[in-house]
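> The structure under discussion is supplied below as structure tokens; questions concerning it will follow.
The values are calculated or read from the model by the stated rules, or taken from the named source; none is laboratory data. None of the values given here were measured: they were computed from a predicted structure. Quick reminder, even Gly has a Cβ in these numbers, built from the backbone with ideal geometry, and neighbours come from all protein chains shown.
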Amino acid sequence: MRKIKESTLNKKVVDWLNSLDCCVAYKRKGGPYNRGQLDVSGCIYGYRIELEGKVGDNKPTPLQIQWIKKWHKAKAITGWYRSLEEAQIIVITRLSIHGIEIPK
């Protein structure tokens with residue numbers, strides 16, 4: 001089985017988010033000024049989105065976990081995923097807590 005690249009996975013997640021009428025999202029570029037910040041950022045129904053994509057056995061770094069916790073504390077939709085389906089579950093589940101359903 002061929003392993004998907006992290007950049008390909010993140011593109012799929014961003015494309016899905018941007019396909020929703022109520023959302024805008026982008027892939028954050030890496031660099032020295034945003035070290036440890038998460039891969040995908042955006043907003044859906046007024047809620048900030050901060051997500052981290054990982055492939056294979058990779059896991060978020062300690063710094064990325066700190067960012068996930070900070071954004072979660074600020075009530076953003078946060079988490080990390082290994083597939084488009086996992087990212088969708090994170091977003092859909094968090095929105096449902098607030099009584100919001102994504103139109104199909």
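> Regarding the range 52-69, can at least one residue be identified that is over 18 Å from LYS5 (Cα atoms) and of a type in the set (Ser, Thr, Tyr)?
As a first pass, look at the range 52-69 and keep what is over 18 Å from LYS5 (Cα atoms): 62-69.
Filter once more, keeping what is of a type in the set (Ser, Thr, Tyr): none.
No, the range 52-69 contains no residue that is over 18 Å from LYS5 (Cα atoms) and of a type in the set (Ser, Thr, Tyr).
So that you can scan it fast, the table gives a plain yes or no per residue for (1) among the hydrophobic types (A, V, I, L, M, F, W, C); (2) crowded, with 18+ Cβ neighbours inside 10 Å; (3) part of a loop (DSSP other than H, G, I, E, B):
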| site | (1), (2), (3) |
| --- | --- |
| LEU9 | yes, yes, no |
| VAL14 | yes, yes, no |
| ASN18 | no, no, no |
| VAL24 | yes, no, no |
| LYS29 | no, no, yes |
| TYR33 | no, no, yes |
| SER41 | no, yes, no |
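> Do any residues in the range 85-98 that are touching a residue at least 40 places away in the same chain (Cβ under 8 Å) have Cβ atoms under 6 Å from those of residues that are surrounded by 11 or more Cβ atoms within 10 Å (Cβ to Cβ) and assigned to a helix (DSSP H, G or I), where the two are at least six apart or on different chains, and which pairs are they?
As it stands, the answer is ALA87/VAL13, since those pairs meet every condition given.
> Quick one: would you say LYS59 is closer than 22 Å to LEU95 by Cβ, at pLDDT 95 or above and either part of a loop (DSSP other than H, G, I, E, B) or not hydroxyl-bearing (Ser, Thr, Tyr) (or both)?
Numbers: closer than 22 Å to LEU95 by Cβ: no; at pLDDT 95 or above: yes; either part of a loop (DSSP other than H, G, I, E, B) or not hydroxyl-bearing (Ser, Thr, Tyr) (or both): yes.
No.
> Show the residue pairs meeting these rules: Cβ distance below 6 Å; 6+ apart or different chains; first residue within the range 58-84 and closer than 21 Å to GLY31 by Cα; second residue at pLDDT below 95 and part of a loop (DSSP other than H, G, I, E, B).
From residues that are closer than 21 Å to GLY31 by Cα, the pairs are LEU63/GLY36; GLN64/GLY36; TRP67/GLY36; TRP67/GLN37.
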